[in-house]
Structure formats: structure tokens, C-alpha cells
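Trainee: Take this structure, written in C-alpha cells, and hold onto it; I'll ask about it next.
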Amino acid sequence: MEFLLDPGIWIGLLTLIVLEIVLGIDNLVFIAILADKLPPEQRDKARVIGLSLALLMRLGLLFAISWLVTLTKPLITIFDWTFSGRDLILLLGGLFLLYKAVSELHERMEGHTEVQVTTNVVYASFTAVVAQIVVLDAVFSLDSVITAIGMVDNIYVMMVAMIVAMVVMLVASKPLTRFVNRHPTVIILCLSFLLLIGISLIAEGFGFHIPKGYIYAGIGVAILIEAFNQFSQRNARKHESKIPLRHRTADSILRMMGGKMETISDSAHHAEAQEAFADEERYMIGGVLTLAERSVATIMTPRSQISWININETPEKIREQILSVPHSLFPVCRGSLDKVLSVVRAKEILEVLDDEAQLKTLLKRYRPIFIFEKMKVINAINTLRTSKGSLVLVNDEFGNIQGLISPLDVFEAIAGEFPDADEQLDLIELDDNRWKASGMLDLYQLELVSGLDLVEEDASYISVAGLILDKCNGVVEVGSTLDYQGAHFEVTELEANHIKTVIITIK
């Protein structure tokens, strides 16, 4: 019983148990596939019988091969090498493990997957399934036995490891299979152990003794590194789960299409995606994915740019105003924009402009529609749909008009600007990574073009001008600059103390 006090025995036993469990996963999978051919009430019984027969077969094979490796009398001589029966068994076993490990590694690293499709609803007989399980056990037992012989020298340790591993597989076959399938790197690690053990067996066959302690040390360090790897991946998944699913999905799609590069490792994929998808495609996909997080205020036509009709003006002045702009819809107000009476078409108001009675009837027919400026764009789409082509006015919590939106504004948020005849583009590309932008340019549009993260949660600003004023504490002049999130902003034009034009350079 002195061998029980040897720590090397216990280390070898624990390592061998882990390897035997992992090597038995394939056996478990195939037994499960065969057991699925039986009625549900017989599947567990077939699984238990199959694994029990596998244990008996492995123990018998273990005794047979253990006896063969005791044959140390020289049998053949090749060149200067003399081989005994034991040497030949070790050589053949090592070559078998090398072949097994290399073929499995190649298959898994190539990404080949096997898909089992069962369309036959007729259950097989219990005896036939058990017979197939026995044949499979014979095939899968060889690598487990040879691994055991290569790991330890004590046959009792081999037997205990096989029995413990088989009991574990019997008790936890389903969760064990799920765990290994969820962690493919564990399989790769154990196959690497097979390579190491196979090489040591071949070396033993040629007469070069490798102390088992070296193998245990290498396996122990590898297991420790893999434990750190699994722990870090678990923490990464835990951190990622805190991010809303919508944001994770959007970021994944944008990275796939080359719209975002978060790490240096993304650069190769980014370049490939740049070739696969046109800029317009990436822009439109990004626009769609950000609609749910954008407020109406980020896409509306701001108050300062609204063309509205003051009903208190003379018909001649109203007619002149309507004909001077290219718009077809106008808010009609009394004295100020905050006192909206209606939203009417230019053609209709021109027809009744000189008839006060018909004008009043027209204004009563089209009532204005209001939405709150902080409403999400995705939620405002239904309101736009029911407006039947009319403009929808945007107000704040005090009821003051802040802007207006139309279906065209939603389309521009997705596909980019479509300026009217009296408008200019808010963003003009000067050269690579350099743009001339209006101060009113919303940050979401700039994000889609540049790929930068510029929008902060709960920020009080939504435009380039608002960003610059916020970061510069409200003090700017022509020539003022701001470096933020990898972009350089330079104010080039002011108009009535408002930022009109900015040059943006991506570093």
C-alpha cells in the first residue's frame, strides 16, 4: 500500500480520469445517437448497458495489453534498433494515438461538423441497438486503454481511473456532453495531450525513457492556462450580457459590414467587409439599426428652418411667400409658430386665399398633429403613417414647437440627405477622412459616415454645434478647435454667435 503515499500516483490518477472522460465523449455521443432509435422509456437503459459493456471491454483489453507490454525479450532487430514485444506495442500504440489526435485536430480545426438528421419514426429493436453499441465500444476502447498505459505504470491506477471515469459518464452523461460541446477548446486541449502521450510512447518504444513527471507538469500547466482562458471568457460573456441585446446585435452587424473597428484584430475583417459591401449599403444598414435609439429631435427639421404661414398677413404677402419656396406643405399659424392652426398644402391654400369663409373651412379640415421631441423615431413611424402625408409637428414639454418631421426625414435618417432646392448638404466630403459640416449636422449621421462613437447617453446635445459648445464650455470663435473621440473639429464660420460651418478631420 506504499504506492498510495506517492503524490505522482494521485496526480496521474486525476489526470487520467479527466482524459478518460474526454476520450469517452465521442463514445457517449454515438451511444446517444443509437439510443435515440429506441422508444424514450428504453433509452436510459440502453445507455447504461452500453457504457457498462464499454467498461468491461476496456478492463479486459487493459489486462491483455498490460501483459503484452511485459514482454521485454528482443523479437526483431532493424538496423541498430532492437525491439521487444513491449516496444512494438508501445510504438503501435503511440502511432495510433498520433493518428487519432492529428485526424481529430485536423477535423476540428477545419471546422467540419456532423449533422445527424433522423427522419425514421419507426423504433429499432432493443437487442439490435445494444449490439451496435457493443461494436462501437470495441472501436472506442482502444485509444482509452493505450492512453492509460502511456500515462501511468500501475495497472490498478489504470483500472480505478477507467471505473471512476465510466461512473462519472453514467451519472452525468447529458450535462457532460453539453459542457464539452459548449467548450470546444477543452477538446482541442485534450487532443493535444494525446499528441504528447503518443510521442512519449513512441520514444519509449525506441528506448528513450521520458519521466512521467515531465508529462504531468506539461499537462498541469496547460490545464491551468485553459482554466484561466475559460474564466476570462466567462467574465467576458457576463460583461457582454449586461449590454442590451439590441446594442449587441447592432454592433455585431456593423462590424460584420465593416462599419466599426473596435480592435486592431478587426482591421483585416474590416478591409474585407469594405470590399464586400458598398458605402451606401453600410450607411443604410447602420441607419436602420440606430432608429430605435434615436429621438425625433435628431432627425426633425429644426424650428429655425421651418417655413410657416402667418394667417395675419395679407393674402398677397402669403401668396408671395408660398411661391418663393419649393415646399408643398406649410404650417399655418396665427402670429407665431407656437400658435399652429393647421397644416395645409400650398395648392389648396392658394385656391381659397382670397375667400375668407373657404379659408376657415380649409384650416378646420386639416388639424395639426403633434409628437414629443424625445419620442423615439421607431415609435413615431406609426404617427407618420396615420398622418397621410402631412407634416407632424414636434413640441417640447412646455408645448413649444421645436421642429417638424415628415416621412422624408425618416428616409434621410436611413439613406442620407436629400436636400430641397433651397437647402444645401449638411455634410460635404472634402477628401479622405475630411469633411465640411454644418453646425446643425446631427451626430448620428456623422457617426454613420465616420464610424466613430460620438453620441453620449443622456447628452443634452444632438448636433455637431451642440457637441463643440458642450466640450468648449459654451465659448467658441472662428478657429476654435476640439479633439474628441479620434476626430478633430475646427470652427470655420459663425453666424449670429451660432456655429454655422465646421471642418471635421478623422485622425
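Read the figures in this text as sums done on the coordinates, not as results from a lab. Computed from a predicted structure; not experimentally measured. Note that each Cβ is placed from the backbone with ideal geometry, even for glycine, and that neighbours are counted across all protein chains shown.
Trainee: Place a label point 7 angstrom from the Cα of Phe418 along the Cα-to-Cβ direction, then list the residues of the range 301-342 whose backbone nitrogen is under 17 Å away.
Mentor: Answer for this model: 301, 326-329.
Trainee: Can you figure out the FRET efficiency of Lys471 with Ile225, using R₀ = 56 Å and their beta-carbon distance, to the nearest 0.05? List each step's numbers first, then the result.
Mentor: On the way: r = 44 Å, r/R0 = 0.79.
Given R0 = 56 Å and the Cβ-Cβ separation, E is 0.80.
Trainee: Can you flag which of Lys238/Lys471; Lys339/Lys436; Lys374/Lys471; Lys238/Lys374; Lys339/Lys376; Lys471/Lys500 are past 28 Å Cα-Cα? All intermediate terms of the calculation are to be shown ahead of the outcome.
Mentor: On the way: Lys238/Lys471 33 Å; Lys339/Lys436 36 Å; Lys374/Lys471 22 Å; Lys238/Lys374 31 Å; Lys339/Lys376 25 Å; Lys471/Lys500 17 Å.
Pairs exceeding 28 Å: Lys238/Lys471; Lys339/Lys436; Lys238/Lys374.
Trainee: Show me 401-412, 372-383 ranked by packing, highest mean number of other Cβ atoms within 10 Å first. Write down the numbers at each step before the final one.
Mentor: On the way: 401-412: 19.4, 372-383: 15.5.
Those peptides, ordered most packed to least, come out 401-412, 372-383.
Trainee: Here is a further query. Quick one: Karplus J couplings for the range 38-45, per residue in order, coefficients 6.51, -1.76, 1.60, θ = phi - 60°, nearest Hz, x for Gly and Pro?
Mentor: Rounded to whole hertz, the list is 8, x, x, 6, 9, 5, 4, 4.
Trainee: Give the long-range amide H neighbours of Gln402: residues separated by 5 or more places, or on another chain, with amide H under 5 Å away, using H modelled in the peptide plane at 1.01 Å from N.
Mentor: Those qualifying (amide H under 5 Å, at least 5 residues apart or on another chain) are Val394, Asn395, Asp396.
Trainee: Please list, in chain and number order, the residues 5+ apart from Ile369 or on another chain whose amide H is under 5 Å from its amide H, with Hs placed from the backbone.
Mentor: Under 5 Å from the amide H of Ile369 lie the amide H atoms of Leu393, each far enough along the sequence or on another chain.
Trainee: Quick one, what does Rg over Rh come out to for the range 396-449 if you take C-alpha atoms and the Kirkwood Rh? Don't skip to the end; give the middle numbers.
Mentor: Numbers: Rg = 13.3 Å, Rh = 13.0 Å.
In the range 396-449, Rg relative to Rh is 1.03.
Trainee: May I pose another question? Leaving out same-chain residues fewer than 8 places away, which lysines sit with a Cα under 23 Å from that of Lys37?
Mentor: Lys45, Lys174
Trainee: Between Leu425 and Ser103, what is the spin-label point distance in nm, taking each point 7 Å from the Cα along the Cα→C-beta axis?
Mentor: For Leu425 paired with Ser103, the spin-label model returns 6.1 nm.
Trainee: Work out how much length Tyr214 to Glu320 would gain on full extension: take 0.36 nm times their residue separation and subtract the Cα-Cα distance, in nm to one decimal. Can you show the working numbers first?
Mentor: Working: separation 106, 0.36 × 106 = 38.16 nm, distance 9.46 nm.
28.7 nm is the gain from fully extending Tyr214 to Glu320.
Trainee: Then there is this: Positive end of the dipole of the range 410-506, charges at C-beta (+1 Lys, Arg; -1 Asp, Glu), about the Cα centre: which of Ala415, Ala465, Leu494 has its Cα farthest in that direction?
Mentor: Sorting the options by dipole projection puts first Leu494.
Trainee: Run the reach check for Lys73 against lysines, Cα to Cα strictly under 24 Å, same-chain hits fewer than 8 apart removed. What comes back?
Mentor: Lys212
Trainee: Within the range 327-347, name every residue whose backbone N is under 20 Å away from a label modeled 7 Å from Cα of Gln305 along the Cβ vector.
Mentor: Those under the cut-off are 327-332, 337-338.
Trainee: Using the Kirkwood radius over Cα pairs, work out the Stokes-Einstein diffusion coefficient for the range 389-507 at 37 °C and 0.692 mPa s, in µm²/s as a whole number. Write out the running numbers ahead of the final one.
Mentor: Details: Rh = 15.4 Å.
Result for D is 213 µm²/s.
Trainee: Given a Förster radius of 51 Å and the C-beta distance between Thr481 and Leu337 as r, what FRET efficiency does 1/(1 + (r/R0)^6) yield to the nearest 0.05? Walk me through the numbers before you get to the answer.
Mentor: On the way: r = 35 Å, r/R0 = 0.68.
Here the calculated transfer efficiency is 0.90.
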